[in-house]
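All remarks here apply to the structure that follows.
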Amino acid sequence: MGRTGRFLIQGSRPIYSIFKKAPSIIIKIYLPLDFVTMLGRMPIEYHIVVFIHILAGIIGAFLAFPVAIGAKKGSFIHVTAGKIFVISFIAICITGYILDYENFKNFYFLAEGSTIDKNIYSHKNFILFTAMINTFALYLVLSGWRIAHQHYKGSTDLFDKIFNISLATVLIIASCIFFLVGIESLSYIEEKDHFYLNKKIFATILAFLAVGGIAEAALDIAKTLGFLHIKRWWIEHMRKMLLAQLGLLSAFLYRCLPSKKYWLLLTLILALLFLLFFVFMIFRMSNSKNQKLLH
């Protein structure tokens, strides 16, 4: 399709034109043409939301996380970069929820003339599906941050327990919705037009991810209640943050790749690289004399 979506409302006040146009330019550079065209149908205020969503993603994925993972663990730089990563991720998820709500309400994904795969976006359940993925990612970041925070705090009080268990309960509910909505959405997809693997394999992947989410939450509840003790807390902290970063990079690939055919393959390659890096960091940090990791 050779057309592009229009971002500025005709007749808009000149005083707001720069403020309105700047986010749209950034969005146009980052997003594929088809999504830009659909975005042109949204109210202009949602361009600002998408701009914040993208900016927070860039800061979190390409600035804060690399600095945090490369800095000495427990140092001022590591802690500061980690906090920026968490704040950026919260901003990503909140703006994601706002956009999911707006899409669910107005169904912009069915924009006339869009060449994006309508088999995926032709049912509102898929919007709810993406919101549950958003919830899973947010849980990883918040629970990963809480592990480090509570370790350095030295104790877990009643508020900590209520917060941790409530957060884990949300993930269990989100994992169930994720699986049920994902399975239902598969019935709206014509397999020959879809870039994923066949439906049976994809359903298996959905089940694996859903069970993984429930298991993640159940283990965190067990740790909060004292039924399970993890000696090397930093392994759990690092694992959760690496998974969150993997999800963020996968989302970037999904939005930026001109063809979605290779998205799943590249995500799997990234997952393997992250796994190898995780194992490497465990061996490296296990032999470290850093007092922050020993206590």
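Each value in this text was obtained by applying a stated rule to the coordinates, not by laboratory testing. What you are looking at is a predicted structure, and each value in this text was computed from that prediction instead of being measured. Note: ideal-geometry Cβ built from the backbone for every residue, glycine included; neighbour counts use all protein chains shown.
Order these peptides, 227-236, 209-218, 67-76, by their mean beta-carbon neighbour count within 10 angstrom, highest first.
Per-residue mean Cβ counts within 10 Å order the peptides as 209-218, 67-76, 227-236.
Please work out the C-alpha center-to-center distance from segment 148-171 to segment 256-291 and express it in whole Å.
27 Å
Net charge near MET241, counting Lys/Arg +1 and Asp/Glu -1 over other residues with Cβ under 13 Å of its Cβ?
Taking every Cβ under 13 Å from that of MET241, the sum is +4.
If the chain between LEU257 and ARG232 were fully stretched, how many nm would it gain, using 0.36 nm times the residue separation less the Cα-Cα distance?
Extending this stretch completely gives an extra 5.2 nm.
So how do 50-61, 154-165 stack up, highest first, on mean other-Cβ count within 10 Å?
Answer by packing, highest mean first, reads 50-61, 154-165.
Normalising by the residue count of segment 196-295, find the relative contact order in percent from Cα pairs under 8 Å and 6+ residues apart.
So the answer I get is 26 percent.
Once you've got the Cα coordinates, tell me which of LYS83/LYS161; LYS199/LYS223; LYS240/LYS289 are over 32 Å apart.
Exceeds cut-off: LYS199/LYS223.
Go through 129-140, 78-89 and give me the packing order, highest mean Cβ count within 10 Å leading.
By packing density, highest mean first, the sequence is 129-140, 78-89.
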